[in-house]
1. 5 Å is the cut-off here: which amide hydrogens, built 1.01 Å from N in the peptide plane, fall below it relative to Thr48, excluding neighbours closer than 5 in sequence?
2. Using each residue's phi in region 40-45, evaluate 6.51 cos²θ - 1.76 cosθ + 1.60 at θ = phi - 60° and report the 3J(HN,Hα) Karplus result to the nearest Hz, with x for Gly and Pro.
3. For region 109-121, in order, what is each residue's ³J(HN,Hα) by Karplus, 6.51 cos²θ - 1.76 cosθ + 1.60 with θ = phi - 60°, in whole Hz (x at glycine and Pro)?
Amino acid sequence: MITINGEDWQPADEDVIEWQRAYQDIDVFTEMAAMACWLDANPGRRKTKRGMKRFVNSWLQRANKAGGSPQHLQAPTGGVMPLKQWTAVDMLTHNFIDSPVLAQKWLKEHGQYVDSKGVRHYG
């Protein structure tokens, strides 16, 4: 998402997971795509990097109060929202394999990980 300074801001993986847990009737990824479009279309209302998490949380709170995401995106009653099914477009726009957060997680859990260049790293 674009900030007031024109810089790109992306949330940490842990933040997205926490938002999905907190707002179970919301498809966080769909809402974040809507936020990115809104920020692009409203340059005068963009946020600082410091204010982005508050902006995202407020947006998700309002969406939740408004009834959540469309029915086909909602979790079953009492359940947890299923993970988004990734498409080829997502793979082009999201660099998951080189995520430092995931690298640390894999190092901790498995003692190793492989980066996008096929290089195996050991912890």
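A short reminder: the numbers here are calculations on the coordinates, not readings from a lab. If you're wondering where the values come from, they're calculated on a predicted model, not measured in any experiment.
1. Amide H neighbours of Thr48, under 5 Å, 5+ apart: Ile4.
2. 5, 7, 10, x, x, 10
3. Along region 109-121, the couplings run 7, 10, x, 6, 7, 10, 8, 5, 8, x, 7, 8, 10 Hz.
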